[in-house]
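No lab work stands behind these numbers, since they all come straight from the coordinates. These numbers were taken from a predicted model, which means no experiment stands behind them. Positions of Cβ are backbone-derived with ideal geometry, glycine not excepted, and every protein chain shown enters the neighbour counts.
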Amino acid sequence: MTDPRILRVTDRIIERSRPTRAAYLARIRAAASHTPRRRALGCANQAHGFAACAASDKAALSAGGGPSLAIVTAYNDMLSAHQPYEHYPELIRDAAREAGGVAMVAGGVPAMCDGITQGEAGMELSLFSRDVIALATAVALSHNTFDAAVFLGICDKIVPGLVIGALSFGHLPAVFIPGGPMTSGLPNAEKAKIRQLYAEGKASRAELLQAESQAYHGPGTCTFYGTANTNQMLMEIMGLHLPGAAFVNPGTPLREALTRDAVRRALALTALGGDYTPVGEILDERAFVNAVVGLHATGGSTNHTLHLVAMAAAAGIVLTWDDFAELAAAVPLLCRIYPNGTADVNHFAAAGGTGFLIRELLGAGLLHADVRTILGQGLAAYAAEAWLDEGALRWRDPPAVSADTAVLRGVANPFQPTGGLTLLTGNLGRAVIKTSAVQPERHVIEAPCRIFREQEEVQAAFRAGELNRDVVVVLRGQGPKANGMPELHKLMPPLGVLQDRGFRVALVTDGRLSGASGKVPAAIHVTPEAAEGGPIARLRDGDVVRVDAVRGELTALTDLTGRAAETPDLAAHHSGTGRELFAGFRQLVGTADAGASIFPNGGL
C-alpha cells in the first residue's frame, strides 16, 4: 500500500495539472498511428528517408510493415561518458534487424561536460544546453517517419533535454540506453584532499592534475554521484531503462546484452503491435513522484530541482519545489555515495544497486508500484538485477541485505530519517539546500555576509586571508537571466578549507552547485534572482544572514526595506565562447523554481 504522504502529494499534483495534462494527452493520442508512420509520407519523402540505407533495410522500409526505429545520440568522444556510444548505432541496427525492424540515426544532439567547463566561460551555456538538446531532439524526430525511438545520453543536461524532446513526440515509445560508469579510480576522499591542499597552496598543479587524471581515467560516466549518475537512477526508477541497466560498466558482455534487449523492447512497444506504450503515457504524475522519491532516497543532484520540474512541464504536469519539500519529509536517506560519502557508484552497484533500492522503497510504500514502464509490468519488475546466464540476459532478485551498509541501507536502518534536500524560504526569496553531505551541527549558519559578483573574487579573497572568519559568502548575478546559471563547484575547495579551520561558513547564491555540492551548507538557486531585482540584490557586506536547513529558512536579519537593489554589470558574460548566441535564451528563460526553462508552460 502506498504511503498516505506520497498519495497526498501525488493527488495534489494530479489536481493542479488536470487541464495541462489533459491537453497534452489529447495531443499525443491524436498523433498516434497504427500503421507505419512512413506510409503517411509522399513517395519522394520516403525515398529521401531511406536513400542511404542498406539494401535489405531499404526493402523492408519500402515494402514491409515492420517498425522503423530512430536513434537519437549524444555521442562524442571527448566526454568519457559518451565515448562508448561510438559503436552503438551499428549494434542497434543489427539488433533491430534481428527483431524485424530497421534502425537509423535520426540525429545527434550536443553534449557538453560540466567537468570541463567548471569555472570557465563555457559553463554559462551549460544549463541552456538542456533546452538546445530538447530542440535538437525535436529536429531529429521531425521527419515523422519513425515508430519508436531509442535515446543515447547520460550526462548532466543531456538526459533531461532528451526527455523533454522525447515528450514533444510523446506518442512514440521511447527507451533510454545508458553506457555505464567508468571503473573506479583514485578514491574520492583522496581526490577531495588533493583539491583542498591545492586550494591552500600546499599541492602543485602537477599533483592536482595527476590526482584528477587518476580519478577520471577511462570511458564511462564519472563515478561520483552527481547529476549524470542521478540521471541514470532516475531513468531506471521512472521505467525508461531496462531493470539494472544504469550502472553496468562499458565494454562488458552484460552491457552489450542490455543494449540489444533495449532495442528489442523499443520495437515491441510500437503502435504496430499489441503492446503500444508511448512515452507520454509512461511519464505521468506517479512517475515523477517516484523520481523525486528516488532523488531524496539517494541524496541525488540538486540540479534535478530544475530538471524534473522542466521535464514534468513537457508532459503537462505541474511539479513544484513544495512537492519536493513535502516528499523529502517522507523519504529516508538510504545511500552514502560521494559527495555524500566516500564510495562511488560502482560500490553502490556492488552493495545492491538500484534493484535493492527500489525493492526497499516499494516495500515501505514510498513508490507507486502501479506505474507503466517499458516492460509493462509495473515497478516491481525493477526490484531486480541483470546478469548473464551462459550468455543469456536474465534478471534475479537483488541481495536480501546490503553488501555494504556504509554505502546502501534498507528502510529499517536509514542514514537519516528524511531526504537530503530542503526547501528554504524567507525574506531573501526561495532556495534549495542539500543537507545529506553536511554535518548536522552545520545545518544552521548565522553570520555576517560578504558580497561577491564573480567566482574569481571569492577565490582571491580566500587567498588574501579575508575570509578567515565566520561568514556567509553571497555570490549573486549567477541566475538564469543573468548569465545562464553556471555551476559554482570551484568554490567548494576554498570554502571547505575555511570550514575545516573551524569557521562557520555558508554559501548563498542564485547560481547552481550540482550533485557534487559537498560538505559546505549552500543555499542555491535563490529566486527571485539578483538580475531581476530579487532581495539578494539588496544585501550589503556585513548584513547578518541566517541559513537554517532545520526550519527551512533563508533570512537576512538586517532590515532590507527601502534599500535599492544593486544592478549587476553583466556585459562581460554576454559575449565570447558563443554566449552572444544565447541572448534570446536569457530573455526567455523562466525562474529557477519553474525549471529555468525557455519553454513557457513546458512548450504546451
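The figures follow:
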{"item": "Compactness of the range 443-488, expressed as Rg and Dmax over alpha-carbon positions, Å", "result": "11.9, 32"}
{"item": "E456 paired with Q587, simple spin-label distance in nm, labels 7 Å along Cα-to-beta-carbon", "result": "2.9"}
{"item": "Long-range amide H partners of I337 with built H, under 5 Å", "result": "none"}
{"item": "Net charge dipole size for the chain [Lys, Arg +1 and Asp, Glu -1 on Cβ; Debye, nearest 20]", "result": "560"}
{"item": "Three semi-axes of the equivalent ellipsoid, the range 1-121, Cα gyration tensor, whole Å, largest first", "result": "35, 28, 15"}
{"item": "Semi-axis lengths (Å, descending) of the ellipsoid that matches the C-alpha gyration tensor of the range 242-346", "result": "28, 23, 10"}
{"item": "Charge dipole (the range 37-151, unit charges on Cβ, about Cα centre) - positive-most of I133, S62, M104", "result": "S62"}
{"item": "Acute angle (nearest 10 degrees) that the helix 304-314 long axis makes with the longest principal axis of the chain, alpha-carbon atoms", "result": "40"}
{"item": "Backbone HN-Hα couplings from phi across the range 38-43 [Karplus 6.51/-1.76/1.60, Hz, Gly and Pro as x]", "result": "5, 5, 7, 8, x, 4"}
{"item": "Relative packing of 158-170, 180-192, which averages over residues the other C-beta atoms within 10 Å, highest first", "result": "158-170, 180-192"}
{"item": "Rounded Å value of the spacing that divides the Cα centres of the range 84-134 and the range 1-73", "result": "19"}
{"item": "Rounded D (µm²/s) - the range 88-187, Kirkwood Rh over Cα pairs, Stokes-Einstein at 37 °C, 0.692 mPa s", "result": "220"}
{"item": "From phi via Karplus (6.51, -1.76, 1.60), per-residue ³J(HN,Hα) for the range 62-72 in Hz, x at Gly/Pro", "result": "7, 10, x, x, x, x, 10, 10, 8, 10, 10"}
{"item": "Protection-proxy order for peptides 246-255, 426-435, 229-238, each taking the mean of Cβ atoms within 10 Å per residue, highest first", "result": "229-238, 426-435, 246-255"}
{"item": "Long-range amide H partners of L513 with built H, under 5 Å", "result": "L488"}
{"item": "Equivalent ellipsoid semi-axes - Cα gyration tensor, the range 421-573, angstrom", "result": "20, 17, 15"}
{"item": "Ratio of Rg to Rh over the chain (Cα coordinates, Kirkwood Rh, two decimals)", "result": "0.97"}
{"item": "Rounded Å value of the spacing that divides the Cα centres of the range 437-465 and the range 220-243", "result": "31"}
{"item": "Leading residue at positive end of dipole, the chain (Cβ point charges), from Y75, L186, M235", "result": "M235"}
{"item": "Partners for K191 among lysines (Cα-Cα distance below 28 Å; same-chain residues under 8 apart left out)", "result": "K157, K202, K434, K490, K519"}
{"item": "Cα convex hull volume per residue for the range 280-437 (Å³)", "result": "121"}
{"item": "Where only alpha carbons of the range 497-604 are counted, the Rg and the Dmax (Å)", "result": "16.4, 51"}
{"item": "Cβ crowding within 10 Å averaged over residues, with 136-146, 553-563 ranked highest first", "result": "136-146, 553-563"}
{"item": "For the range 15-20, 3J(HN,Hα) per residue [Karplus equation, 6.51 cos²θ - 1.76 cosθ + 1.60, θ = phi - 60°, Hz, x = Gly/Pro]", "result": "5, 4, 8, 3, x, 6"}
{"item": "Projected area averaged over orientations for the range 347-432, convex hull of C-alpha atoms, nm²", "result": "8.3"}
{"item": "For the range 397-492, convex hull of alpha carbons as volume per residue, Å³", "result": "178"}
{"item": "Residue among G576, I282, G353 farthest towards the positive dipole end of the chain, charges placed on Cβ", "result": "I282"}
{"item": "Length released on extending from N144 to A121, taking residue separation times 0.36 nm less the Cα-Cα span", "result": "4.6 nm"}
